[in-house]
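Worksheet: the structure to be examined is printed underneath.
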Amino acid sequence: MRKTSFYPNLENMLADIEAEARETAIYTGRRTFSKEVMAAFTRVPRHEFVPDDLKRQAYINSPLPIGHGQTISQPYIVALMTDLLDIGNKDAVVLEVGTGCGYQTAILAEIARQVYSIEIIKELAEQADRRMKDLDYTNVKIKAGDGYLGWPEHAPFDGILVTAAAPEVPMALIEQLKPGGRLVIPVGALFMTQNLMLIRKNDDASVTQQAIIPVSFVPFRRSLQSATI
Ligand code: SAH
């Protein structure tokens with residue numbers, strides 16, 4: 001564990017995640033998250049992923065702005081999505097679409113064997129890549145690009161997690177799942193209600209999907225850009 005003066009607040013964040021898990025169990029069907037998921041939260045220093053002027057708020061269970069019109073996701077949502085991927089006991093290879101600051105990437109890297117992550121804003125991809133190296137994550141590979149197409153060179157994946165809301169589920173991502181693999185993705189058109197969807201590829205390659213809970217994510221974009229919104 002990387003100890004710093006911010007860590008006393010970590011306990012509050014974990015308690016808030018656990019409280020929200022209980023409050024939302026009616027939607028999610030789970031009152032708690034797995035021990036692997038909760039343990040990952042004790043190891044990732046969230047204050048290293050937020051801008052300097054927001055470090056004091058880093059362990060609040062809330063999304064925060066990270067620049068470029070983007071956000072770091074709410075810790076509870078990161079926990080829920082990671083739990084839904086169900087990669088705890090596997091030698092898992094995971095794809096993330098929407099690296100942002102890389103917080104979710106780091107949580108996944110604590111659990112999975114290898115994490116690939118794609119970010120469409122080049123500056124964010126570069127910053128996240130540097131941050132992962134500074135924090136000694138050796139099992140993460142980040143690239144700037146459009147995650148709509150997945151990352152075929154490294155497919156198939158045990159799990160795919162998308163952290164920007166798409167109007168529909170990208171076919172390429174379903175294709176790049178292993179049989180038995182899971183895709184967790186917020187789905188909803190711009191300014192419409194979004195639903196966090198859990199999509200499972202069965203062993204016979206058929207697909208089942210389940211709406212888990214209404215969510216609010218930044219929109220999925222389709223062209224590589226370095227400008228703000
Ligand atoms: N995973 C982040 C949340 C990032 S917010 C966290 O842990 O906090 C969603 C990110 O998705 C934004 O940085 C946005 O630029 C990125 N994004 C949007 N459309 C994308 C696309 N088509 N491909 C890859 N990344 C995309």
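Structure notes:
- Atom-type composition of the exposed protein surface of the chain places 51 percent of the accessible area on carbon and sulfur (1.4 angstrom probe).
- Over 26 Å between alpha carbons, listed pairs Lys90/Lys201; Lys141/Lys201; Lys35/Lys143: Lys35/Lys143
- Residue among Arg113, Arg30, Arg56 with the largest mean-square fluctuation in a Gaussian network model of the chain, springs linking Cα atoms under 10 Å: Arg56
- Cα shape, the stretch 1-118, gyration tensor, a/c 1.5 rule: rounded
- Here is how the number arises for the chain: DSSP H runs of 4 or more residues each give -39500 (n - 2.57), the sum is divided by the residue count, and the result at 222 nm is -8500 deg cm²/dmol.
- Proximal lysines relative to Lys55, as straight alpha-carbon distance under 16 Å, when same-chain residues fewer than 8 apart are discounted: Lys3
- Cα gyration tensor shape for the stretch 8-228, rounded if a/c is under 1.5, else prolate or oblate: rounded
- Debye, to nearest 20: dipole size of the stretch 1-156, +1 on Lys, Arg Cβ, -1 on Asp, Glu Cβ: 280
- Mean separation of Cα contacts under 8 Å, 6 or more apart, over the residue count of the chain: relative contact order %: 16
- Backbone N atoms of the stretch 33-53 closer than 15 Å to the 7 Å Cα→Cβ label point of Glu123 belong to residues 51-52.
- Cβ-derived FRET efficiency at R0 30 Å, Asn202 paired with Arg22, nearest 0.05: 0.50
The values are calculated or read from the model by the stated rules, or taken from the named source; none is laboratory data. Everything quoted here is computed from the prediction, not taken from an experiment. Using ideal geometry, Cβ is built from the backbone for each residue, glycine included, and neighbour counts are taken over all protein chains shown. With ligands, DNA and RNA removed, areas are computed over all heavy atoms of the protein, side chains included. Shrake-Rupley method; radii C 1.70, N 1.55, O 1.52, S 1.80 Å.
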